[in-house]
Amino acid sequence: MELAWTERLSVGNAVIDSEHKILLDMINDVEQAIRRRDSVALPQVFKQLENCVRIHFANEETIARAIDFPFSHNKLEHQYVQKELQLMKEELMARNGMWSESAAEHYSYFLSEWMVEHILKEDMLMKPLLQTYPYDFKPAALGA
């Protein structure tokens, strides 16, 4: 399922929204590699996704701290997702492009569902607080 950014996914912060857009594109790339059973491209796109997820989660936590948003539940979700991504990558790499259509569907569904749930159920909890700040709010801890 091709994911596309819509305004409905905006959490009210330029940094987080921008990173979500990038993550959506990366998930689409991973899903395409899974569906094509492209064992050459998959490690590269998965590595990019994992790196971007790690940076995004760190940035979200920094922003949450800066706006005094309680982040413990989000942090647990972040740890779970990072572990699941690692397990998914390891399983797919071990199969070297030899996974079934149902496995491809399962992994694609997990990625799409996780991303939408992450935004709509986890990050949207920050939106009311984020809207009290300018859209381009960026804590000093995130750098220039």
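The values are calculated or read from the model by the stated rules, or taken from the named source; none is laboratory data. Predicted model only: the values in this text are computed from it and were never measured. Positions of Cβ are backbone-derived with ideal geometry, glycine not excepted, and every protein chain shown enters the neighbour counts.
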Here is a list: Asn28, Asn13. Which entry is more than 15 Å from the chain's Cα centre (by Cα), farther than 21 Å from Lys83 by Cβ and surrounded by 15 or more Cβ atoms within 10 Å (Cβ to Cβ)?
Asn13
For Gln48, indicate whether it is modelled with pLDDT of 90 or more and either of a type outside the set (Lys, Arg) or more than 14 Å from the chain's Cα centre (by Cα) (or both).
yes
Only one residue in Ser102, Ser39 is modelled with pLDDT under 85, farther than 30 Å from Tyr133 by Cα and either in contact with a strand residue (DSSP E or B) (Cβ under 7 Å, 6 or more places away or on another chain) or surrounded by 15 or more Cβ atoms within 10 Å (Cβ to Cβ) (or both). Which one?
Ser39
Filter result for Lys75 (in a helix (DSSP H, G or I) and in contact (Cβ under 8 Å) with a residue 40 or more places away in the chain):
no
Residues of region 1-47 satisfying the condition of being among the charged types (D, E, K, R), more than 22 Å from Phe137 (Cβ to Cβ), in a helix (DSSP H, G or I) and without any contact (Cβ under 8 Å) to a residue 60 or more places away in the chain
Asp25, Asp29, Arg36, Lys47
Based on what the data block shows, is Trp114 closer than 25 Å to Arg8 by Cα, out of contact with any Leu (no Cβ under 6 Å at 6 or more places or on another chain), of a type in the set (Phe, Trp, Tyr) and modelled with pLDDT under 90?
yes
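Of these, Glu84, Glu61, Glu50, which one is part of a helix (DSSP H, G or I), surrounded by fewer than 14 Cβ atoms within 10 Å (Cβ to Cβ) and either free of Cβ contacts under 8 Å to residues at least 40 places away in the same chain or of a type in the set (S, T, N, Q) (or both)?
Glu84
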If you take the residues of region 106-144 that are free of Cβ contacts under 8 Å to residues at least 40 places away in the same chain and in a helix (DSSP H, G or I), which of them is nearest to the chain's Cα centre (by Cα)?
Trp114
Taking region 121-138 only, how many residues are hydroxyl-bearing (Ser, Thr, Tyr) and either surrounded by 12 or more Cβ atoms within 10 Å (Cβ to Cβ) or touching a Phe, Trp or Tyr at 6+ places or on another chain (Cβ under 7 Å) (or both)?
2
Residue under question is Asn74, and the condition is that it be loosely packed, with under 14 Cβ neighbours inside 10 Å and within 29 Å of Ala104 (Cα to Cα); does it hold?
no
